[in-house]
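Read through the structure below, which is laid out as structure tokens, and then see the notes.
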Amino acid sequence: MQPTSEASQRIARISAHLHPPTLQMVESSTLRTMNCRAKGGAPGFKVAILGAAGGIGQSLSLLMKMNPLVSVLHLYDVVNAHGVTADISHMDTGAVVRGFLGQPQLENALTGMDLVIIPAGVPRKPGMTRDDLFKINAGIVRTLCEGVAKCCPRAIVNLISNPVNSTVPIAAEVFKKAGTYDPKRLLGVTTLDVVRANTFVAEVLGIDPREVDVPVVGGHAGVTILPLLSQVKPPCSFTSEEIVYLSDRIQNGGTEVVEAKAGAGSATLSMAYAAAKFADACLRGLRGDAGIVECSFVDCQVTELPFFATKVRLGRGGAEEVFPLGPLNEYERFEAVNHFFIVYFATYRNCYTCIILGN
Ligand SMILES: NC(=O)c1ccc[n+]([C@@H]2O[C@H](COP(=O)([O-])OP(=O)(O)OC[C@H]3O[C@@H](n4cnc5c(N)ncnc54)[C@H](O)[C@@H]3O)[C@@H](O)[C@H]2O)c1
Ligand SMILES: O=C(O)C[C@H](O)C(=O)O
């Protein structure tokens, strides 16, 4: 057989110098990935990122490709999924990466996944609130969660798309309708609030942020974000000015970034870091590690509100335990009483919309 291409001619030249020859002359014009010797199924979890080509999605894909607990990483988007996949797949870390583009490939992207992370949706521009994103992002989240219900109903879902106070209840409605709802497996990602709180508190105290742990409860929008500064670890005290400064900065951290980016989107890099941190905690929980506790926006009975961000213990079944708020000081009680009704409103506004959408 005569070599028919440059690639075949190169293979023929190399084969001629190997004793015994280990490379066969092939007709195919190029050695494709699928011709490579298959890697034995590495232990680890299968993770899908929906919205992987976006601002958060790209950095998050990079960070999840670096996570040793991930064996398979599926990157799904409605644009540029293959470009991001090609790029990320060249990293010499363990996870096998596959790309999926557009609605017809959603089911393949989701089948068999243990953890699904959803940063798909539009971000804010200056002057907008997260609620302004509701109309478009609710529809996106609904479609993606219908795919999850169909293809990987037992997966843990980490929902990032805003407004989290409403998209999480939307996802719950989709799963209820499909008969797959498990409240323990649906987790709204509020880790960025905790990450910001740790950073800003550390700055005020003049210590390393890695030593600081601030519980942040409530929701993920403005005044519904309540950092419990009375419960900071290591134990410390703040002046009234410091409490006002810290609460305000933590509650408006998202807006600070939106304004600084001046129309080019919202937090992506710190969010990807926060999402990767939370996803890693979920994977360690799935592995059976003990004592994994993170804040998350979940369906729970900690308050009278149907969904609430609070500390949860992550395990094989997702948020296996939801912790009460613990003792609040007078300021925190006042904030909670005056602002948490907004979370309630977000949930019921969402249910109303679900009815309109025909759910
Ligand atoms: N939970 C949080 O703390 C937090 C923090 C930051 C941003 N966010 C939110 O995350 C979302 C994404 O932000 P971003 O900066 O990455 O936005 P982005 O516009 O850069 O990326 C969004 C990606 O979603 C994709 N997408 C749109 N519709 C899709 C669909 N139907 N299926 C799959 N992918 C789809 C887009 O193609 C795009 O690649 C926004 O809603 C933003 O408000 C949440
Ligand atoms: O503020 C936004 O719109 C994005 C995100 O919710 C954030 O907190 O940074």
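The values are calculated or read from the model by the stated rules, or taken from the named source; none is laboratory data. Quantities reported herein were computed from a predicted structural model and do not represent experimental measurements. Reconstructed Cβ throughout: ideal geometry from the backbone, glycine too, with neighbour counts over all protein chains shown. Only protein heavy atoms, including side chains, enter the accessible area calculation; ligands, DNA and RNA are left aside. Shrake-Rupley method; radii C 1.70, N 1.55, O 1.52, S 1.80 Å.
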Where V343 falls short, out of the listed (1) farther than 18 Å from L159 by Cβ; (2) at pLDDT below 95; (3) of a type in the set (V, I, T); (4) not in a loop (DSSP other than H, G, I, E, B): (1)
From K150, K184, grab the single residue that is touching a strand residue (DSSP E or B) at 6+ places or on another chain (Cβ under 8 Å), more than 16 Å from ligand 2 (Cβ to nearest atom) and in a helix (DSSP H, G or I). K184
Just the residues that are within 11 Å of ligand 1 (Cβ to nearest atom) and surrounded by fewer than 18 Cβ atoms within 10 Å (Cβ to Cβ), please, taken from region 135-144. I136, G139, T143
Identify, by number, the condition in (1) outside any loop (DSSP other than H, G, I, E, B); (2) away from ligand 1 (no atom under 12 Å from the Cβ); (3) touching a helix residue (DSSP H, G or I) at 6+ places or on another chain (Cβ under 9 Å); (4) polar (S, T, N, Q) that S296 doesn't meet. (2)
Quick one: in region 192-224, of everything that is outside any loop (DSSP other than H, G, I, E, B) and in contact with a Ser or Thr (Cβ under 8 Å, 6 or more places away or on another chain), which residue is nearest to ligand 1 (Cβ to nearest atom)? L192
Looking at A178, A120, can you tell me which residue is among the hydrophobic types (A, V, I, L, M, F, W, C) and open to solvent by less than 50 Å² (accessible area, probe 1.4 Å)? A120
Has region 290-312 got at least one residue that is over 19 Å from L187 (Cβ atoms) and open to solvent by 10 Å² or more (accessible area, probe 1.4 Å)? yes
Checked region 95-117 for anything assigned to a loop (DSSP other than H, G, I, E, B), surrounded by fewer than 14 Cβ atoms within 10 Å (Cβ to Cβ) and either more than 10 Å from ligand 1 (Cβ to nearest atom) or at negative phi (or both); matches are G112
Condition broken by D132, with the remaining ones in (1) surrounded by fewer than 16 Cβ atoms within 10 Å (Cβ to Cβ); (2) acidic (D, E); (3) in contact (Cβ under 8 Å) with a residue 40 or more places away in the chain satisfied: (3)
So V168, is it more than 25 Å from I136 (Cβ to Cβ) and within 13 Å of ligand 1 (Cβ to nearest atom): no
Considering residues that are within 26 Å of R316 (Cβ to Cβ) and either open to solvent by less than 10 Å² (accessible area, probe 1.4 Å) or among the β-branched types (V, I, T) (or both), the number found within region 77-94 is 1
Can you spot a residue in region 145-156 that is near ligand 1 (Cβ under 10 Å from one of its atoms), surrounded by 20 or more Cβ atoms within 10 Å (Cβ to Cβ) and of a type in the set (A, V, I, L, M)? no
Every residue in region 153-170 that is assigned to a helix (DSSP H, G or I), under 14 Å from the mean Cα position of the chain (by Cα) and not polar (S, T, N, Q), please. V164, V168
